[in-house]
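Okay, so here's the structure we're looking at.
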Amino acid sequence: MVVVVVVVDKARRLLPTATNETPRLLIAPFAHEGSPGNWIVHWHVRNEGTRKLRLIAAIQPHARFRAPETAIEREIAPGAETDIVLPVRFIETTGTVVENPFLILRVADGNQEWRVLARVSVTAGLRGEPIAGNAVSITTHRVGAVQQD
């Protein structure tokens with residue numbers, strides 16, 4: 001008996017960017033300010049890549065650490081830094097740890113759009129304030145990289 005396996009790749013061919021370089025952003029754990037029910041977080045972002053990027057929007061979609069999509073519309077040059085400031089819904093009791101909340105940044109390199117996900121754990125402080133863990137895990141995905149038929 002002979003078994004033949006045929007694999008068909010239906011993924012759409014990727015469009016190259018100007019340099020074929022994935023955007024490289026360094027995102028530090030957020031700082032916070034505000035009062036219970038009115039928290040604001042500040043994400044510090046640095047462009048570690050070799051080309052200018054356009055920051056389009058940010059969102060924090062986690063049910064227990066949520067910020068609505070917010071337009072940013074600013075450019076960040078190679079080596080430059082900026083802060084992303086977002087109001088956040090965070091209502092937890094002291095010591096509660098919220099695992100896997102994340103920030104999603106939409107960025108553009110010319111006509112190519114990317115999603116940058118920054119994951120961090122969050123602990124409720126003494127006043128219920130969101131306190132970021134020390135580590136941020138960052139992944140970057142090209143928007144529209146795979147087409148399904």
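Taken together, the values in this text are just the output of simple stated rules run on the coordinates, not laboratory data. Treat the numbers as computed from the prediction; the structure is a model and nothing was measured. Methodologically, a virtual Cβ is constructed for each residue, glycine included, from the backbone with ideal geometry; neighbour enumeration extends over all protein chains shown.
Expected output is a single nm value to one decimal: the length gained when fully extending between L117 and A31, i.e. 0.36 nm times separation in residues minus the C-alpha distance. What is it? Spell out each step's value before the answer.
Working: separation 86, 0.36 × 86 = 30.96 nm, distance 1.74 nm.
Fully extending the segment from L117 to A31 adds 29.2 nm.
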What percent of all Cα-Cα pairs in the stretch 79-149 falls in each 5 Å bin, counting up from 0?
-> 3, 14, 17, 21, 16, 12, 9, 6, 3, 0, 0
Counting only C-alpha contacts under 8 Å and six or more residues apart, can you give the relative contact order of the stretch 71-149 as a whole percent?
-> 25 percent
Starting from 0 in steps of 5 Å, tell me what percent of the Cα-Cα pairs of the stretch 25-142 lands in each bin.
-> 2, 12, 23, 26, 17, 11, 6, 3, 1
Starting from the Cα of E21, step 7 Å along the direction of its Cβ; do the same at A57; then give the gap between the two resulting points in nm.
-> 2.7 nm
If each K or R counts +1 and each D or E counts -1, the residues other than I138 whose Cβ falls under 12 Å of its Cβ total +3
